Amino acid sequence: MDAHSFFRRLGAVLLGAVLLFGGLVKLMDPLGSQLVMESYLRFMHLGFLNFAAGALSLVFNLLECVLGAALVAGLFPLVAGAATGVLMLFYTVLTLALLIVNPSMDCGCFGELVHLTHLQSFLKNIVLMLLWALAFFPVQRQVPQRKHRYVAFGIVMCASLWLMVHSLRTLPALDLTDLRIGTELAEGRIPLLGDDGEYHDEVLLKGNVMLFSVYDPERLTEKEMDRIYQERSLARAEGFHPVVVYAGQGGIYTSDKKTLMSLNRSNGGASLLVDGQIVRKWTNASMPGASELSQLSEQDPSQLVADTELRGRRLLGIISVVGVVLLLI
């Protein structure tokens, strides 16, 4: 391989790796990606499409994974190169508009993992456009690839789809929100307004608190609501202090929707707080039973936090590194 071919290949691999990693990170947090998409739709005066924001975010995230994997593997260079060029041009123009208008929103380029300013986001896309130009300009004829790379591409795509489906059904494997597991709460971090018109944030800062957060009450089914009531009774019987918080009106305690969505991505999900520290989270469909609650009350909170964080980082690392290695071999 001559120097020119080497640098073309290097440009494609680097660009592909960034796209693949970014797509995987965002697939891990479908609700977060949906919120970012809604922000972009509002910015582009397309708010009437908010009903499709979730589906659109999944499409773009999967597209980044597909194109990223194809670039790293060196497959379908003409199609992948053209599609990536169009996508990167769109992203670059969009981030330039964000830089000029300077709205109060995050680019969401890497989900909650890395937050970039509008300038950083624009410069990042300029660099990626330069890598694209290095990899695909001038256009060259397609070089046949070894068959096992198509197999590797298929494996990575299956892993991406599994991650998407898994994340849609559960909480993000890697919690990266401002209210992630391990966060030590201070008064006002989760504003808790009581039905008496006063704030009662202090109830979350002492003892073992099982906090049930409902950020969209209208979309909570009767079955899901019953599950919260049953779990609340179990938690109280095991010595926990159960607290149910609604976004808007409807409960003894209320808070703002954005905060509750950051706390727990599951509508009607549960979060365990020990002396103000967030140590575990569950979806509405995976609430802990009496035996698990009994064990939790006896376990070291710091160990619970460490175990959860390790699992998330390990999953993202394995999928990303193994994916790139498979595609390069």
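Among A152, A135, A173, which is at pLDDT 90 or above and of a type in the set (A, V, I, L, M, F, W, C)? Checking each option against the conditions leaves just A135.
Got a number for residues in the range 81-97 being surrounded by 20 or more Cβ atoms within 10 Å (Cβ to Cβ) and under 25 Å from the mean Cα position of the chain (by Cα)?
Final tally of qualifying residues: 4.
Does F90 satisfy the criteria of being of a type in the set (F, W, Y), part of a helix (DSSP H, G or I), farther than 27 Å from N264 by Cα and modelled with pLDDT of 90 or more?
For F90, the condition - of a type in the set (F, W, Y), part of a helix (DSSP H, G or I), farther than 27 Å from N264 by Cα and modelled with pLDDT of 90 or more - is met.
Note on the range 9-45: among residues that are hydrophobic (A, V, I, L, M, F, W, C) and exposed (fewer than 15 other Cβ atoms within 10 Å of the Cβ), the one that is modelled with the highest pLDDT is M44. Tell me, please, whether a residue that is within 24 Å of the chain's Cα centre (by Cα), of a type outside the set (A, V, I, L, M), buried (at least 19 other Cβ atoms within 10 Å of the Cβ) and not assigned by TED's automatic domain parsing to the domain that holds G22 can be found in the range 231-254. Scanning the range 231-254 turns up at least one residue that is within 24 Å of the chain's Cα centre (by Cα), of a type outside the set (A, V, I, L, M), buried (at least 19 other Cβ atoms within 10 Å of the Cβ) and not assigned by TED's automatic domain parsing to the domain that holds G22. The residues of the range 40-59 that are within 24 Å of S160 (Cβ to Cβ) and touching a residue at least 24 places away in the same chain (Cβ under 8 Å), listed by number, are Y40, G54, S57, L58. The set of residues from the range 109-141 being of a type in the set (S, T, Y) and without any contact (Cβ under 8 Å) to a residue 24 or more places away in the chain comprises just one member, T117.
So if I check each of F110, F51, which one is out of contact with any helix residue (DSSP H, G or I) (no Cβ under 8 Å at 6 or more places or on another chain) and aromatic (F, W, Y)? So that I can check it myself, show each step before the final result.
Values: F110 fails: out of contact with any helix residue (DSSP H, G or I) (no Cβ under 8 Å at 6 or more places or on another chain).
Going through F110, F51 in turn, just one is out of contact with any helix residue (DSSP H, G or I) (no Cβ under 8 Å at 6 or more places or on another chain) and aromatic (F, W, Y): F51.
Restricting the range 95-106 to residues that are in contact (Cβ under 8 Å) with a residue 24 or more places away in the chain and in a loop (DSSP other than H, G, I, E, B) leaves a set whose member that is farthest from L174 (Cα to Cα) is P103. If you check G188 against the conditions, is it at positive phi, in a loop (DSSP other than H, G, I, E, B), within 19 Å of the chain's Cα centre (by Cα) and outside the structural domain of V245 (by TED's automatic domain parsing)? No; evaluated as a whole, the condition is false for this residue.
For the range 113-134, state whether one or more residues are within 27 Å of V165 (Cβ to Cβ) and among the aliphatic types (A, V, I, L, M). Yes, some residue in the range 113-134 is within 27 Å of V165 (Cβ to Cβ) and among the aliphatic types (A, V, I, L, M). Total residues in the range 240-264 satisfying the condition of being out of contact with any Ser or Thr (no Cβ under 6 Å at 6 or more places or on another chain) and more than 19 Å from E222 (Cα to Cα): the figure is 11. Exactly one residue out of R180, R146, R219 is of a type outside the set (G, A, S), closer than 30 Å to L20 by Cα and either at pLDDT 90 or above or exposed (fewer than 13 other Cβ atoms within 10 Å of the Cβ) (or both), and it is R146. Remark: pairs (first residue in the range 176-199, under 17 Å from P301 (Cβ atoms); second residue acidic (D, E); Cβ separation under 7 Å; 6+ apart in sequence or on different chains) = I181/D175; I181/E309; G182/E309.
The values are calculated or read from the model by the stated rules, or taken from the named source; none is laboratory data. As the structure is a prediction and not an experimental result, all values here were calculated from the model. Backbone-built Cβ (ideal geometry, glycine too); neighbour counts: all protein chains shown.
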